[in-house]
Each structure stands twice: as structure tokens, then as C-alpha cells.
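Novice: Below you will find the structure I want to go over with you.
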Amino acid sequence: QVQLVESGGGLVQPGGSLRLSCVASGIIFSMYDMGWYRQAPGKQRELVAVITSGGSTNYPDSVKGRFTISRDNAKKTVSLQMNSLKPEDTAVYYCNAAFQFRSYWGRGTQVTVSS
């Protein structure tokens, strides 16, 4: 049974930082590309960051320079360091694991950026 469990969300003031983590089980973690997505109310789910099985990373312009994705294959964990947070970063953040035709999702963790 595949499980992706996110943690680290919460309420933070604009300009603050949060670190999200996702622990995977039931997959050969090192083979999977891992990603973070987010979905704000009334909006489509969007990619926030991805790290491939080989360690390459990619970010959309909206978070580039503020967010950093990393992975620890030994701990089967992918993390997202979020700095200089803005109110528009408020969303539910989801962890994703993808390999060939397989794609798995976590249940999400809420991030709220507000003063």
C-alpha cells in the first residue's frame, strides 16, 4: 500500500518561512520523481516544485528563488523549504510521486500566509 504523508503546514506571516516534509512508504522511493503541488480555493492544482530521481529540480517562476525542494532517499522523504512567503502562497500543498504511468498523491497540508 502506497502512502505519502505530508507535514509541516500551518499559519505564517508574510515574509516568513515554512518547511514541508513528505514521507513515502510502499514505493521504491529512489526511482520516483517527487513533486509538490498546491491548490488554492477556486483554482486548479499547480506544480510548485519537482525533483527527479536523478536530483534535477524545476520550479515555476512564481516560486523560483523562494522555494527549495530536496530529497533524502535513505529516509524516503522529500522536503520543501519555503521562504519569503506571500499571501498568494496560501493553499493546500500536496506531495506527488511519479514513475512511468504510476502517480500517487498525499492528502495535503494547509499553508496559510496571513498577518
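Novice: Can you work out ³J(HN,Hα) from phi for every residue in region 18-24, in order, using Karplus 6.51 cos²θ - 1.76 cosθ + 1.60 and θ = phi - 60°, giving whole Hz and x for Gly and Pro?
Specialist: Along region 18-24, the couplings run 9, 10, 9, 10, 9, 9, 9 Hz.
Novice: Have a look at G8, M31, V50 and report the one farthest towards the positive end of the charge dipole of region 1-81, computed about the Cα centre with Cβ charges (Lys/Arg +1, Asp/Glu -1).
Specialist: Highest projection toward the positive end goes to G8.
Novice: Using the alpha carbons of region 64-115, what is the convex hull volume per residue in cubic angstrom, as a whole number? Mind showing how you got there, number by number?
Specialist: Details: hull volume 5.8 nm³, N = 52.
It is 112 Å³ per residue.
Novice: Tell me, what is the Rg over Rh of the chain, with Rh the Kirkwood radius over Cα pairs?
Specialist: Checking Rg against Rh, the ratio lands at 0.95.
Novice: Mean separation of Cα pairs under 8 Å and 6+ residues apart, divided by the residue count of the chain: what relative contact order is that in percent? Don't jump to the answer; show the numbers that get you there.
Specialist: Details: 277 pairs, mean separation 41.7, N = 115.
This gives 36 percent for the chain.
Novice: May I pose another question? Under a Cβ-only charge scheme (Lys and Arg +1, Asp and Glu -1), can you give me the dipole magnitude of the chain about the Cα centre, in debye to the nearest 20?
Specialist: The calculated dipole for the chain is roughly 120 debye.
Novice: Out of S79, S17, T112, whose Cα points farthest toward the positive end of the dipole of the chain (charges: +1 Lys, Arg; -1 Asp, Glu; placed on Cβ)?
Specialist: S79
Novice: Run the reach check for K86 against lysines, Cα to Cα strictly under 21 Å, same-chain hits fewer than 8 apart removed. What comes back?
Specialist: K43, K64
Novice: What longest range of the chain stays clear of loop-exposed trypsin sites (Lys or Arg not before Pro) (DSSP non-H/G/I/E/B, at most 16 other C-beta within 10 angstrom)?
Specialist: Longest run free of exposed loop sites: 1-42.
Novice: Looking at region 43-86 from every direction and averaging, what is the projected area of its Cα convex hull in nm²?
Specialist: Over all viewing directions, region 43-86 projects a mean Cα-hull area of 3.8 nm².
Novice: For the chain, what is the accessible area per residue in Å², given a 1.4 Å probe and the full set of protein chains?
Specialist: 54 Å²
Novice: Please list S62, S79 in order of solvent-accessible area, largest first, computed with a 1.4 Å probe with all protein chains present.
Specialist: Sorted by accessible area, descending: S62, S79.
The values are calculated or read from the model by the stated rules, or taken from the named source; none is laboratory data. Being a predicted model, the structure only gives us computed values, none of them experimental. With ideal geometry, Cβ positions are generated from the backbone for all residues, glycine too; neighbour counts draw on all protein chains shown. For the accessible areas, the whole protein counts, side chains as well, though only heavy atoms, and no ligand, DNA or RNA atoms are used. Shrake-Rupley method; radii C 1.70, N 1.55, O 1.52, S 1.80 Å.
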